Amino acid sequence: MTVLRRVVLALGLPVVLVAAWWFASAGSTDFYFPPLATIVEVFPETWFGSRLTDDVLPSLARLGIGYAAALLLGVALGIVIGSNRWVRATTEPLLEFLRAIPPPVLVPILILVAGIGDTMKVLVIVSGCLWPVLLNTVEGVRSVDDVLADTCRTYRIRGRLRWWHLVVRSASPQIVTGARQALSVGIILMVISEMFAANSGLGYSVIQFKDGFQIPQMWSGVILLGLLGVLLSVLFRLVEHRVLSWYHGSRTASEEP
Amino acid sequence: ACGSDGDDGGGGSPDQPDKVTVGVIPILDVAPIYLGVEKGFFAERDIEVSLETAEGGAAIVPAVVSGQYQFGFSNVVSMLLAHSQGLPIKIVSNGVNSTGVDGEDFAALMVKADSPIETAADLEGKTVAANTLQNIVDTSVRASVREAGGDPSKVKFTALPFPDQPAALANGQVDAVFVVEPFQQAVLAQGGRKIASSYVDAAPDLTVAVYFASQQLLAEDPDLAKRFTEAMAESLSYADSHPDEARQIIGTYTEIAPEVIEQLTLPKWPAEVNRESVQTLADLALEDGLLPEEADVEALLP
Amino acid sequence: MLAVNGLSKVYTGRGRRVEAIGDLTFTVEGGSFVCVVGPSGCGKTTLLRCCAGLLPPTSGTVALSGAPVTGPPDGLAVVFQEYGRSLFPWLRVADNVDLPLRAAGVARAERRDLVTEALDAVGLGDAHQAYPWQLSGGMQQRVAIARAIAYQPRVLLMDEPFAAVDAQTRADLEDLIRSVWQRLGVTLVFVTHDIDEAVYLSQRVIMLTASPTRVADDLVIDLPAERDQLTTRSDPRFTELRGLVYAQIQKAKLEGRTR
Amino acid sequence: MLAVNGLSKVYTGRGRRVEAIGDLTFTVEGGSFVCVVGPSGCGKTTLLRCCAGLLPPTSGTVALSGAPVTGPPDGLAVVFQEYGRSLFPWLRVADNVDLPLRAAGVARAERRDLVTEALDAVGLGDAHQAYPWQLSGGMQQRVAIARAIAYQPRVLLMDEPFAAVDAQTRADLEDLIRSVWQRLGVTLVFVTHDIDEAVYLSQRVIMLTASPTRVADDLVIDLPAERDQLTTRSDPRFTELRGLVYAQIQKAKLEGRTR
Amino acid sequence: MRLVLGLAGLLGFGVLLELAPRIGLVSERYAPPTSTILTTLAEQAGEARFWTAVLDTTRTWLLGLAIAVLLGVLAGIALGSVPIVRAATSSTIEFLRPIPSVALIPLVVVLYGPTVTSTLVLVVYAAFWQVLVQVLHGVADIDPVAHDTARSYRLGRLARVRYLVWPTALPYVVTGVRLAATVALILTITGELVIGPPGLGQEIAIARTSGAVPAMYALIVVTGLFGVVANVMTRAAERRALHWHPSMRTEVPA
Ligand SMILES: Nc1ncnc2c1ncn2[C@@H]1O[C@H](COP(=O)(O)OP(=O)(O)OP(=O)(O)O)[C@@H](O)[C@H]1O
Ligand SMILES: Nc1ncnc2c1ncn2[C@@H]1O[C@H](COP(=O)(O)OP(=O)(O)OP(=O)(O)O)[C@@H](O)[C@H]1O
Ligand SMILES: [Mg+2]
Ligand SMILES: [Mg+2]
């Protein structure tokens, strides 16, 4: 696939959708659905001023830390839980129990434990990003090819080498799936974490616009979140292509080059 | 139970009461409307009210604007903000007022028992929890700070829902909280101390919250709005003069423990909006930068 | 010394009960080269997996140098029949061969030599940097063989290791395995379907019946220790032994059919 | 008729460039039985995959009955070298065999007969209800063969289909394939490493060089159409042809080495 | 055995939460001990209102989940099997995925009112992506040899989806359903909490704004139990549908 083709494919649909939105919303008088032109107009003044450094960047930093922590924790826990059925049987109901608790009721509990500072917000992000990574890792670890597992056993490949070269690598396609899920979940939880005990942040701003009836600004925030998602997914793909090059190679080996 | 069939604009025929849905928050402020429905003040005026609860304005305001609810309950500053952004709404009835008595209001600015903070002026450089920021609570607290001779711009606010504030105060995560009932009782129970009654400081007999409707409804069915206003007025007066019944009805739509209900400081429920207090709030909001320009308070008030 | 005693294995599960191994008893002397032949599905792979400690037998025991085998014993290597699946798709060929050595704590320089040597020996000197899935079936199988050789095991179990390579390469690999065996003194159990190969390679051929599997015959191959493709295969004794094995297999097959 | 014209295939990707097929041109008459032999890694699998329309060639063309092959053509069946991975682990053996027939819209009763017949023919009459992963390697390979036979293709491509089965079963399968070929008149391209097998089975043996692959030799097998394991294999002409193929392969190998 | 272990895990957690306030690690007022929560729960369970709420929530949750899974699977397979469509839509998908449902609440309320429909829309929006992403990755996991097999035997598009794509993606789908189940539950509760259609979320909102801490935790426990039940159900379904999968072969003892 040439670069040009790639760009056209990546931008084609968005361009069409944006155009459709632009024309459909032009002249809209609906308070909650302002014209796209208005949203675009307020976008730079809303986000490119001091908000970028005061709100957006700190939020992104928290997102980065929370995401990374969830990734590490999820993979580590996932390996332990996935490779031992007794551990799995013991922990699964409890984890499912915790998983089902909605953030709006979970956050107050976290506040009790971690206060109202950045730690709490990072924890909120972790509490959401963890699950996709954990679940996918567990399933990935469980479906390790049995011939490969036997190979490791006979060659007495144990300990760190085994964890890395058998368990993590073979689960990595699923781990990557989980990590990709967690990426957007993380952005969402970044917003949710800033609904509580916050007075700055990207998510806080969006919520504040919503509660202050500044609807075009709110829309611009939503768009910013979406663009953030796209940007992070591009970065993610770059990393993924390095990490999973063997996988994509082996999956497309038979396909047209 | 959604009243999407109520906005037909034609008004009810005599034997067909108007079905009306009102969006409220399940807190003690709205006791009068529950009481009014029970007492039949609305039925008398051919209005069949169904009350829908939501956690806050996030859902009530858009629901009223889009005609899903005919009326809604909201605090005054939110109304001012919405109006200033051009949202087509109008206040139709008073909602709830402060008691006007310093130290004996249904809401208070509170600190821990052993806190060095004595007055609102001591809050400079300290963190205060407010349920929402850039809204009525922080505006009122700033008024308290100002009145106590402090610089309100030096107070840090952090958003925290009322239910989570007592714990945050107890654990020292914030220096002060501004809570309403029943959380005022909770903070008192853990030994907290009132340092100001900010709703009282903001304006005398401050109108805290109101009932509102969309301008579309007012234009299409002014009669219904008039009857609703009347019924509300009667409900408010009744509740104000029958606090025991008000307390009793609070027990039906909340989960507040009966012994706590007995101790609650009830707000005032005058029948009329305190117009000056709304204007004062609008001025404060302008001063604090919540509003970009002077609000047209008259256009918002009934 | 590998001692298989009264071994039997029954697979149950998902409504299918297969008595893969009926009752097997035999011993393999330390340092000897034994070939196992038997009809498809008779339980050769199952046997090897029991010997490697990968599969618990239903009854009976396997002992290596007197110690019962419960898990894979030290210094044992297996070339799996499913060679493709036994290679790590995320490791390059050289790393696949290298990994067991790393696990065994061999020094880096020595590892590099062993890997290069083993890959050269199987004719894959130029494929170090390829991934397994970029290789042909026969090449993958040779990687698996190279890995086993580089590991320098004391016991080597090979499950149809030359199934996917051409005749010429096969002959080369046969000689390679024999030289490795002679050089390292490893105990070698080798499953094959090729009767000529079994006779050419080993000191002893164990023939299995169809399942429920028993030992049909156990034949000592009294060919001279020095063998080569041309002279050994044209040795009259070779032809004779080959005929013996063939006849025995035919007999076992017929018996299996009439039973 | 299958016409391969100037076919070449270069694999690129992940830092490895392999000229798997140099330049191949040959035609296979409709209804004929051709065996392809060549050293491991010379591109036989690649060739079959190009013929099946599964892999676009780098240059050159493949045409079937005059129509260029761009995707898998109608009435074509392939037995893959990676037999294990070509069976669907989520389907029972019988369903694996049945699936292509269902896709082809064959009536249920007929399908049942075809499946039973094919599985019986490969000696798996009692494994209908098993899952592929419950079978031994040889049994899996036979399922793949049964699937191809039951499909009754017009063109059948087989990639080392008997690699995992024992000598006796192999002989049976060889006769089975020949009888299927004669009965259905299918065009058969058969990759094998066993020179005897190639000569025994086919009407023509195409020998390939090591990569970059070319046709080393193309030998017509002028044995009588009626063949059987005992008489044909002891036919002097058989021995002669076998020797020819062997010599040619040796030569190609040596050439490849000196180049 | 599994059941016993699972209960032991939950029990251990319960004991932990019982002890934490008892030994003064956290304030009993804000983190009531397990026994108090369970007593309150028992009281609640005696009221019809509680069961109505449970029923309402269950209905919204299951309906939303079903729609999300259905849409997610269909869209995932459709997008995933055609590489060019996948490439053309991926940027749009990545744009839409991180948009938080909470920010959409006013918009949804304007469109659908403060009703169950609004909650459903939020539930479906949030849960859909979880399934979609899993399915997309699952579809990409097809074994190339199996794929070639299907192609060479000329399995039609439908047959390929049914016999190749679907079974390959199924393990991923199961994980997707498990993720979506709790996300849907969370959004159902949140929707009821914020928007206000009847259900457990609204009960939680009332308990919360009333400062009834034990009652609130009792309701949260119910939510958690929902999650546990959902998992038991998906696991049971998985054991049936994926018995052939390597991860299951070791599970069912030989
Ligand atoms: N995991 C399993 N579950 C159930 N049955 C199995 C399993 N593995 C093997 N079997 C059965 O056990 C028997 C012996 O299988 P095994 O793989 O040991 O045969 P083999 O001698 O290696 O055959 P081949 O030469 O074809 O590889 C077969 O009937 C097979 O169906
Ligand atoms: N997907 C791939 N990517 C890169 N190179 C490949 C790929 N598949 C095959 N090759 C290379 O192409 C060459 C021919 O491979 P092919 O599988 O066609 O050989 P073959 O003749 O079938 O060998 P064998 O008899 O061992 O199966 C080999 O050198 C191999 O490394
Ligand atoms: Mg085997
Ligand atoms: Mg090949």
Could you list all residues from the stretch C:54-90 that are open to solvent by 10 Å² or more (accessible area, probe 1.4 Å) and closer than 30 Å to residue A:241 by Cα?
C:82, C:83, C:84, C:85, C:89, C:90
Qualifying residues in the stretch C:139-187 (those that are free of Cβ contacts under 8 Å to residues at least 12 places away in the same chain and touching a helix residue (DSSP H, G or I) at 6+ places or on another chain (Cβ under 6 Å)) - the one surrounded by the fewest Cβ atoms within 10 Å (Cβ to Cβ)
C:168
Residues C:87, C:24, C:99: which one is within 16 Å of ligand 2 (Cβ to nearest atom) and modelled with pLDDT of 90 or more?
C:87
Sort out which residues of the stretch E:190-249 are within 12 Å of chain A (Cβ to nearest Cβ) and of a type in the set (D, E, K, R), and write them in order of number.
E:192, E:203, E:208, E:235, E:238, E:249
Can you pull out the residues in the stretch A:210-234 that are assigned to a helix (DSSP H, G or I), free of Cβ contacts under 8 Å to residues at least 24 places away in the same chain and either more than 11 Å from chain E (Cβ to nearest Cβ) or buried (at least 18 other Cβ atoms within 10 Å of the Cβ) (or both)?
A:210, A:211, A:218, A:222, A:226, A:230
For the stretch D:1-35, what are the residues that are among the aliphatic types (A, V, I, L, M) and within 11 Å of chain C (Cβ to nearest Cβ)?
D:18, D:20
Would you list the helices (runs of 4 or more DSSP H) that sit entirely within the stretch B:220-302 and hold 3 or more residues that are more than 14 Å from every other protein chain (Cβ to nearest Cβ)?
B:222-241, B:243-253, B:275-287, B:297-300
Confirm whether residue C:174 is more than 16 Å from ligand 4 (Cβ to nearest atom) and within 22 Å of residue C:117 (Cβ to Cβ).
yes
Based on this model, can you work out whether residue C:39 counts as free of Cβ contacts under 8 Å to residues at least 24 places away in the same chain, open to solvent by 10 Å² or more (accessible area, probe 1.4 Å), more than 20 Å from residue C:148 (Cα to Cα) and more than 16 Å from ligand 4 (Cβ to nearest atom)?
no
Look through the stretch D:145-163, keep the residues that are within 13 Å of residue D:192 (Cβ to Cβ) and within 11 Å of another protein chain (Cβ to nearest Cβ), and return whichever of them is farthest from ligand 1 (Cβ to nearest atom).
D:157
Residues that are open to solvent by less than 20 Å² (accessible area, probe 1.4 Å) and within 13 Å of chain E (Cβ to nearest Cβ): list the helices (runs of 4 or more DSSP H) wholly contained in the stretch A:85-197 that include at least 3 such residues.
A:85-99, A:103-114, A:118-142, A:146-154, A:169-193
Identify the residue in the stretch B:181-196 that is outside any helix (DSSP H, G or I) and surrounded by fewer than 24 Cβ atoms within 10 Å (Cβ to Cβ) and, among all such residues, is nearest to the other protein chains (Cβ to nearest Cβ).
B:190
Quick one: in the stretch C:138-172, of everything that is within 16 Å of ligand 3 (Cβ to nearest atom) and closer than 21 Å to residue E:144 by Cα, which residue is modelled with the lowest pLDDT?
C:164
Condition test on residue B:105, is it surrounded by 24 or more Cβ atoms within 10 Å (Cβ to Cβ) and part of a loop (DSSP other than H, G, I, E, B)?
yes
Of all residues in the stretch A:94-116, how many are closer than 15 Å to residue A:77 by Cβ and of a type in the set (A, V, I, L, M)?
3
For residue A:54, all conditions in the list (1) modelled with pLDDT of 85 or more; (2) surrounded by fewer than 19 Cβ atoms within 10 Å (Cβ to Cβ); (3) closer than 24 Å to residue A:202 by Cβ hold save one; what is the number of the exception?
(1)
Of a type outside the set (Ser, Thr, Tyr), within 16 Å of ligand 2 (Cβ to nearest atom) and on the phi < 0 side of the Ramachandran plot: which single residue out of C:212, C:132, C:153, C:224 fits that description?
C:132
Cβ-Cβ under 6 Å pairs, at least 6 apart or on other chains, the stretch C:43-55 side within 13 Å of residue C:189 (Cβ to Cβ), far side more than 13 Å from ligand 3 (Cβ to nearest atom) and part of a helix (DSSP H, G or I)
C:52/A:154
Select from the stretch D:135-150 the residues that are in contact with a Phe, Trp or Tyr (Cβ under 6 Å, 6 or more places away or on another chain) and away from ligand 2 (no atom under 16 Å from the Cβ) and list them in ascending order.
D:140
Check whether at least one residue in the stretch E:23-37 is of a type in the set (Lys, Arg), open to solvent by 50 Å² or more (accessible area, probe 1.4 Å) and part of a helix (DSSP H, G or I), and report yes or no.
no
In the stretch B:142-173, how many residues are away from chain E (no Cβ under 14 Å) and either closer than 30 Å to residue E:217 by Cβ or touching a His at 6+ places or on another chain (Cβ under 9 Å) (or both)?
2
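The values are calculated or read from the model by the stated rules, or taken from the named source; none is laboratory data. Because the structure is a prediction, the values reported are computed rather than measured. In this analysis, Cβ positions are derived from the backbone assuming ideal geometry, glycine residues included, and neighbour counts consider all displayed protein chains. Note: accessible area is taken over every heavy atom of the protein model, side chains too, but ligands, DNA and RNA are not part of it. Shrake-Rupley method; radii C 1.70, N 1.55, O 1.52, S 1.80 Å.
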